[in-house]
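Please treat every number below as a calculation from the coordinates, not as lab data. In this text the structure is predicted, and so the values were computed from the model without any measurement. Here the Cβ positions follow ideal geometry from the backbone for every residue, glycine too, while neighbour counts run over all protein chains shown.
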């Protein structure tokens with residue numbers, strides 16, 4: 001009995017030979033391709049996160065302290081305007097709730 005009971009060795013050998021024949025193209029320079037990417041991004045309205053010197057601009061994370069998970073179901077007539085309010089003001093949902101509580105002069109909000 002042979003090691004190739006099912007007759008796959010011939011196909012395996014041709015696949016291996018095909019893979020050995022694959023030669024990657026010469027890579028383009030990274031600077032040239034990044035320049036193209038930046039140009040396309042600029043044309044679509046995306047702005048770089050780097051400053052003029054090429055350093056990444058770091059955003060400071062806000063410490064919010066201990067948290068509590070709140071899960072709720074809301075009618076569309078309430079949820080959609082709230083989500084739109086948060087998106088328009090660039091608030092996370094908790095920041096949107098906090099802002100609305102401030103506007104309502106609820107106790108416990110600084």
Label-point separation in nm, residue 18 to residue 73, each point 7 Å along Cα→Cβ: 5.3 nm
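Sort 72-81, 88-97, 35-44, 17-26 for me by packing, meaning the mean count of neighbouring Cβ atoms within 10 Å per residue, highest on top.
On the way: 72-81: 8.5, 88-97: 12.5, 35-44: 10.4, 17-26: 6.8.
In decreasing order of mean packing, 72-81, 88-97, 35-44, 17-26 become 88-97, 35-44, 72-81, 17-26.
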Along the Cα→Cβ direction, 7 angstrom out, place labels at residue 34 and residue 6. What is the inter-label distance in nm? 4.8 nm
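Quote to one decimal, in nm, the extra length available between residue 87 and residue 26 on full extension: 0.36 nm per residue of separation minus the C-alpha distance between them.
Working: separation 61, 0.36 × 61 = 21.96 nm, distance 4.48 nm.
Extra length from residue 87 to residue 26 when fully extended: 17.5 nm.
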